[in-house]
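Okay, so here's the structure we're looking at.
The values are calculated or read from the model by the stated rules, or taken from the named source; none is laboratory data. Since the model is a prediction, treat every value here as computed from it, not as a measurement. No Cβ is skipped: glycine too gets one built from the backbone with ideal geometry, and neighbour counts run over all protein chains shown.
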Amino acid sequence: MTLITHPRRKSNLAKMIDSAGGLSIGVALTQARANIEAMRARALSLIDAGIGVLEAVPAPTGPEDLPSRLDEAYRATTTLIDAAGPFELHDLCRAASGLCDLIGAIDPEEAFDWRIVTVHARSLRLLQTLPLEAAEERARILQSLSEVIERKLAQTG
């Protein structure tokens, strides 16, 4: 029997903490929080840009360009999820996920009411601008979007 071993590697942070005179855990946590906040600013910028892209996707002019428009909307929406997810921006993720679910479930050969995409884009912008303290308003927006998605998914399935 052959035994294969893997050398254990330590992260740079673990090495700094373990070394004599190294970094204290408190300092390491403070640095980590600062790094996360710097990433948060970048994520908020990406979210803003993603909503802008979604808002700018024009309605299809006919059945021939519906698949490409849906693809554009889907890509813009997944960008939002990717940027918002790590920072626990659950409302934005939930609204964007619902739109992705709907886009993934529809048949691009069938008629599609583009107003759903427009309403989602406007709702995402509203969720982005509402203060976190406006929990009741956020919940109403998400509930309304969920109802639209549920109805449309029921029609496609």
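Annotations
- Lone unmet requirement of (1) over 17 Å from the mean Cα position of the chain (by Cα); (2) at pLDDT below 95 for L89: (1)
- Hits in the stretch 99-137 (condition: basic (K, R) and under 17 Å from the mean Cα position of the chain (by Cα)): R122, R125
- Residue among L80, L66, L89, L44 that alone is touching a Gly at 6+ places or on another chain (Cβ under 6 Å) and of a type outside the set (S, T, Y): L80
- The single condition from (1) part of a helix (DSSP H, G or I); (2) more than 25 Å from L46 (Cβ to Cβ) that I116 fails is (2).
- Subset of the stretch 63-82 that is in contact (Cβ under 8 Å) with a residue 40 or more places away in the chain, in a helix (DSSP H, G or I) and farther than 14 Å from C100 by Cβ - its residue that is nearest to the chain's Cα centre (by Cα): R69
- Cβ-Cβ contacts under 9 Å between residues 6 or more apart (or on different chains), taken from a first residue in the stretch 48-60 that is within 14 Å of A95 (Cβ to Cβ) and in contact (Cβ under 8 Å) with a residue 24 or more places away in the chain to a second residue that is of a type in the set (S, T, N, Q) and in a helix (DSSP H, G or I), are listed as G50/T77; G50/T78; G50/T79; I51/Q128; L54/T77; L54/T79; E55/T118.
- Residues that are free of Cβ contacts under 8 Å to residues at least 24 places away in the same chain, charged (D, E, K, R) and in a helix (DSSP H, G or I), drawn from the stretch 119-142: E136, E137, R140
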